[in-house]
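Report on one structure; see the data block that follows.
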Amino acid sequence: MKNKFTALIAVRKGSQRIKNKNIKPFCNSSLLEIKIKQAIKCPLIDEVVVSSNCDYMLGIAKKYNVITHKRDEYYCSNSVPMNIVYEHLAKNLKCDHIVYLHVTSPLLKDNSLLKAIQVYKKNIGSYDSLASVEHFKKYIWYNNKAVNYDPDNHPRSQDLPDYYSLNFAINIISQKKMIEKRNIIGDKFYPYHLDEIESIDVDNKIDFKIAEFLYKEENHERRNKA
């Protein structure tokens, strides 16, 4: 029997750093619309669900004929822990696996999303989840001490240890595990590497401008190749 993969896009009203970030004009579209269209196009995603406390955002989702989930205000507040939100979201889905997509990653490529799901499906027996990551090649200090290198034998940045950071562009986990862990990362996740561009997360106004510029450049190059 085929495992059902549901793309979950969770958005809420407002934004602390960028007003109405999810629906703010972005390259003749919006972060929300870009992510919905990307999820719809992926052949390994069986359905797309948009969860929000905002009727306007749910209206956008309905325009694309995807499933909508009206989320209670409690699960959209700044005071509720994300673990409770994750559990609530998972319990409101009927699927085997959840592809959790953040709208704040507009530079994620369609092919990267497709390959991530393929990798997850291939490694279900060895890993319980997949999380996109970015290589972290920087000199880290904490409490006035170097964490990842010896200052007396200063290495080149490319020779630093292979640390990586979560970028939350893609997270894939079974519905059962997401409920159990109350998280979008399991006990043993597969680190799916994305490059620096695809890893960009739109968190503040500078991120928004950089992402919009790069998105325009990406689309311009794609049109020229066509």
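The values are calculated or read from the model by the stated rules, or taken from the named source; none is laboratory data. Bear in mind the structure is a predicted one, so any value in this text is a computation, not a measurement. All Cβ positions, even for glycine, are placed from backbone atoms using ideal geometry, and neighbour counts span all protein chains on display. Each accessible area value is taken on the protein alone, full model and side chains, heavy atoms only, with ligands, DNA and RNA left out. Shrake-Rupley method; radii C 1.70, N 1.55, O 1.52, S 1.80 Å.
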For Cα pairs less than 8 Å apart in space and 6+ apart in sequence, what is the mean separation divided by the residue count of region 69-210, i.e. the relative contact order in percent?
37 percent
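Over all directions, how big on average is the projection of the convex hull of the alpha-carbon atoms in region 9-114, in square nanometres?
Details: hull surface 27.4 nm².
Result: 6.9 nm².
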Give, in nm to one decimal, the length gained when the segment between residue 118 and residue 136 is fully stretched (0.36 nm per residue of separation minus the Cα-Cα distance).
4.0 nm
What's the FRET efficiency of residue 110 with residue 19 using the Cβ-Cβ distance as r and R₀ = 30 Å, to the nearest 0.05?
0.55
Between residue 92 and residue 159, how high is the FRET efficiency from 1/(1 + (r/R0)^6) when r is the Cβ-Cβ distance and R₀ = 45 Å? Nearest 0.05.
0.45
For region 151-210, listing GluC sites (Glu not before Pro) in a DSSP loop whose Cβ sees at most 13 other Cβ atoms within 10 Å gives 196
Once you sort the root eigenvalues of the Cα gyration tensor of region 123-226 as a ≥ b ≥ c, which label holds: rounded (a/c under 1.5), prolate (a/b larger than b/c) or oblate (the other case)?
oblate
Once Rh for the chain is found with the Kirkwood sum over Cα pairs, what is the Stokes-Einstein diffusion coefficient at 10 °C and 1.306 mPa s, in µm²/s?
85 µm²/s
Over the Cα atoms of region 70-166, what Rg and Dmax result, in angstrom?
18.9, 56
Given that compact globular proteins tend to follow 2.2 N^0.38 Å, what is the ratio of the alpha-carbon Rg of region 113-170 to that value?
1.55
Under a 1.4 Å probe, what is the accessible area of region 9-79 per residue, stated in Å²?
52 Å²
Please get the size of the charge dipole for the chain, origin at its Cα centre, with Cβ charges of +1 on Lys and Arg and -1 on Asp and Glu, quoted in debye to the nearest 20.
800 debye
Too long at a 19 Å Cα-Cα cut-off: which of 35/115; 35/216; 19/109; 91/177; 41/188?
19/109; 41/188
Which angle from 0 to 90°, rounded to the nearest 10, does the C-alpha axis of helix 110-122 make with the longest principal axis of the chain?
90 degrees
Given R₀ = 45 Å, what would the calculated FRET efficiency be for residue 213 paired with residue 150, taking r from the Cβ atoms and rounding to 0.05?
0.75
Percent antiparallel among DSSP beta bridges confined to the chain, nearest 5, equals 45 percent
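Determine the shape class of region 146-190: with a ≥ b ≥ c the square roots of the Cα gyration tensor eigenvalues, call it rounded for a/c under 1.5, and otherwise prolate if a/b is greater than b/c, oblate otherwise.
Here region 146-190 falls in the prolate category.
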Roughly speaking, to the nearest percent, how much of the chain's 1.4 Å accessible area is carbon and sulfur?
48 percent
With Cα atoms, 0 to 90° folded angle of helix 205-225 axis to the chain main axis:
80 degrees
Using only protein heavy atoms and a 1.4 Å probe, report how much of residue 102 is accessible, in Å² to the nearest 10.
50 Å²
Cα long-axis angle, helix 82-91 against the chain (0 to 90 degrees, to the nearest 10)
40 degrees
